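Step one of this worksheet: look at the structure below.
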Amino acid sequence: MLVAGFPAGSFAANCYVVAPAAGEECVIVDPGQDAEAGIEEILREHRLKPVAVLLTHGHLDHVWSVAPVCGAKDVPAYVHPDDRELLTDPAKGLSLGPGQQLFGGLELTEPDDVRELADGAALELAGLSITVDHAPGHTPGSVTFRTPAGPGVPDVMFTGDLLFAGSIGRTDLPGGSHEAILASLTRVCLARPDETAVLPGHGPQTTIGRERATNPYLRGLAPGNAGGSSPLTGATPRPADGPNKGF
C-alpha cells in the first residue's frame with residue numbers, strides 16, 4: 001500500500017493520500033489549510049487518480065480545502081453526520097469570543113457531493129477496504145479509518161485528532177467530551193493489535209503497541225474498561241506537536 005502525507009498549512013494538520021500502489025486510484029484524507037498544492041504534487045509523482053476525500057472530523061484545520069479539492073477532482077467527500085454542519089459553519093467547532101470573526105470572515109462551502117459515514121461502515125474505494133469507526137470525544141462526529149496494508153500485514157489506522165504519538169485530542173472545544181474520548185480510545189484504539197500503525201492528524205506516526213505502553217493518557221484504560229481512570233482526567237489534552245498546531 002502507498003501512503004504519502006504532509007503537514008498542511010499553519011496548523012500542520014496531516015493530509016494523507018492513500019492508494020494500493022503507484023499508478024492506481026487513491027483516496028485523500030483530511031485536506032487541510034492550503035493542501036491543494038501538496039496533494040497535486042503527490043498525485044503527479046505517483047500517477048494517482050483520486051476517487052474520494054475522507055474526513056476524520058469537521059474541524060477547520062482538517063477540512064479547509066475539502067470543497068476546492070473535491071470540486072477540482074469531481075469526487076465526493078465522506079464525513080460523519082454529527083460533524084457535517086462544520087463544513088459550512090466551522091466557527092461552531094471553535095470557542096470564539098463575542099463578535100470575533102473566523103480568520104477575517106472566512107467562509108466555507110460544502111462540496112457538491114457529500115456522503116455521510118456510519119459506525120462500522122465498510123467502504124470499498126480505490127481498491128482499498130476501509131473500515132469506519134465512530135470515535136466521538138474530540139468532536140461529536142470524529143471517526144477513524146483503518147485498512148489492511150496487505151495480506152498478513154497489520155492494519156493502518158488514520159486516527160485524526162483522537163490519538164497522537166504520546167498524546168490524545170483536546171476536548172475543551174464545543175462538542176468535546178473527555179469521558180467520550182476515553183471511551184473511544186478504549187473501544188476503537190486499544191482493541192486493535194499492537195502492530196497496528198497509527199497515522200494521526202498531527203505529528204509523527206506511531207503504533208497502538210507503543211501508545212499502549214507509553215502514552216500517559218491511556219494509562220488505566222483497557223478494552224472492557226471504557227470507564228477506567230486516566231492520570232489526567234479533567235485536564236485539557238493538546239495535540240502531541242504543541243498547543244498551537246491544531247484545534
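Coordinate-derived values only; no laboratory data. All values derive from a computational prediction rather than experimental measurement. Because the Cβ atoms are built from the backbone with ideal geometry, glycine has one as well, and the counts that use them run over all protein chains shown.
The calculated FRET efficiency for the pair A21 and D194, based on their C-beta separation and a Förster distance of 30 Å, comes to about 0.70. Give me the compactness ratio for the chain, meaning the Cα radius of gyration over 2.2 N^0.38 Å. Cα Rg divided by the expected 2.2 N^0.38 Å: 0.95.
Centre-to-centre separation between the Cα atoms of the stretch 14-48 and those of the stretch 117-182: 19 Å. Once the convex hull of all Cα atoms in the stretch 130-187 is built, its volume per residue stands at 78 Å³.
Pairwise Cα distances in the stretch 103-204 exceed 25 Å for 25 percent of all pairs.
Using R0 = 51 Å, the C-beta based FRET efficiency linking A222 and D74 works out to 0.70. Helix content alone sets the calculated 222 nm mean residue ellipticity of the chain: runs of n ≥ 4 DSSP H residues at -39500 (n - 2.57) each, divided across all residues, give -4000 deg cm²/dmol. Extension gain, R187 to R212, is 7.7 nm, computed as 0.36 nm per intervening residue step minus the present C-alpha separation.
With the simple model of a label 7 Å out from the Cα in the direction of the Cβ, D112 to R47 spans 2.8 nm. By the compact-protein rule of thumb, 2.2 N^0.38 Å, the alpha-carbon radius of gyration of the stretch 15-101 corresponds to a ratio of 1.17. When GluC sites (Glu not before Pro) are flagged only if DSSP places them in a loop and at most 14 other Cβ atoms lie within 10 Å, the longest unflagged stretch of the chain comes out as 1-106. Cut-off 20 Å, label point 7 angstrom out along Cα-to-Cβ of E124: give me the residues of the stretch 51-84 whose amide nitrogen falls inside. Only 51-54, 76-78 pass the distance filter.
Qualifying trypsin sites (Lys or Arg not before Pro) in the stretch 1-92, where qualification requires a DSSP coil assignment and no more than 12 other C-beta atoms within 10 Å, comprise R47. Along the axis of the charge dipole computed for the chain (Cβ charges of +1 for Lys and Arg, -1 for Asp and Glu, origin at the Cα centre), the listed residues G58, A180, A19 are led at the positive end by A180.
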